[in-house]
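The values are calculated or read from the model by the stated rules, or taken from the named source; none is laboratory data. A quick note: this is a predicted structure, and the numbers were derived from the prediction, not measured. All Cβ positions, even for glycine, are placed from backbone atoms using ideal geometry, and neighbour counts span all protein chains on display.
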Amino acid sequence: MGAWLRTHEVEETTRASDEQHARSLASRRCRAKSRWRAFPVAERARLRCAAVGPDLRDDVHGALVVVRPETGEGAPRFAAMLAGMYRRWAGRHGYDVRLDETRTADGAGIREATLRVAAPAAFAALFDEQGTHRLVWIPPTVEDGRRRTSLAAVEVGPLPEGPVPPHLPSAWGDQARSYVLHPYRMVKDLRTGHTEDDPDAVFAGGIDGFLDAAIRAGRSPGPA
């Protein structure tokens with residue numbers, strides 16, 4: 001009986017110690033996460049890249065983002081929506097951004113948009129935006145009320161000091177994100193799984209959740 005009691009006491013002490021350690025670890029993780037989120041997303045990107053290696057050169061001062069429509073009815077309009085999304089994201093953070101667009105003949109969409117975001121580590125923050133973006137919606141031009149799928153391509157590179165290159169290295173086969181406006185409303189990153197249920201807020205520039213999810217997943221620029 002005495003041996004059983006001693007064994008039971010040891011087990012209880014060990015269990016209590018494990019529970020205390022787990023609570024302490026959870027508390028430290030919570031504090032670390034709070035400190036991490038206190039950094040602007042671009043700074044988190046810089047720190048993430050510094051942790052995984054010399055992925056950013058010292059002379060990279062910003063991001064060059066090129067948006068082009070691909071296929072599907074309404075693709076030029078969707079490309080314009082994406083360009084506006086990145087411009088608003090930059091504005092939210094107080095970053096200097098320049099947007100140059102080539103509009104379609106009817107002025108309702110774009111054939112191409114180029115954004116220059118002059119901000120520390122903007123290239124790292126926006127790097128994972130490259131790829132094919134997909135929108136499921138009912139474009140305002142359709143008359144049958146049936147939903148359509150529009151595709152647009154996003155390229156991201158370091159901001160150059162001179163002329164903008166005709167094409168940036170990109171991953172065209174990489175499905176980046178799905179935006180659904182009909183029959184339900186949701187935006188989902190197809191690589192990290194991060195989702196948002198308010199597409200309007202996303203198109204208004206609220207993409208930090210997607211950027212942070214990509215950083216936490218370890219997706220970062222390769223050697224420049």
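Given (1) assigned to a loop (DSSP other than H, G, I, E, B); (2) farther than 23 Å from Leu64 by Cα; (3) modelled with pLDDT of 95 or more, where does Gly206 come up short, assuming only one miss? All conditions are met except number (2).
Filtering segment 102-133 to residues that are surrounded by 18 or more Cβ atoms within 10 Å (Cβ to Cβ) and either more than 14 Å from Leu159 (Cβ to Cβ) or not assigned by TED's automatic domain parsing to the domain that holds Gly157 (or both) leaves Gly109, Ile110, Ala113, Asp128, Glu129, Gln130, Gly131, Thr132, His133. Condition first: of a type in the set (Asp, Glu) and in a loop (DSSP other than H, G, I, E, B). Can you find one or more residues in segment 132-146 that meet it? Within segment 132-146, one or more residues are of a type in the set (Asp, Glu) and in a loop (DSSP other than H, G, I, E, B).
Here Ser220 meets the list (1) crowded, with 17+ Cβ neighbours inside 10 Å; (2) touching a Phe, Trp or Tyr at 6+ places or on another chain (Cβ under 7 Å); (3) modelled with pLDDT of 85 or more almost entirely, failing just condition (3). Residue check: is Val117 outside any helix (DSSP H, G or I) and under 16 Å from the mean Cα position of the chain (by Cα)? Here the answer is yes, as Val117 does meet what is asked. For segment 92-123, which residues satisfy the criterion of being touching a residue at least 60 places away in the same chain (Cβ under 8 Å) and over 12 Å from Gly62 (Cα atoms)? Passing the criteria: only Arg92. No other residue among Arg191, Arg177 is assigned by TED's automatic domain parsing to the domain that holds Val136, at pLDDT 95 or above, surrounded by 14 or more Cβ atoms within 10 Å (Cβ to Cβ) and within 11 Å of the chain's Cα centre (by Cα) apart from Arg177.
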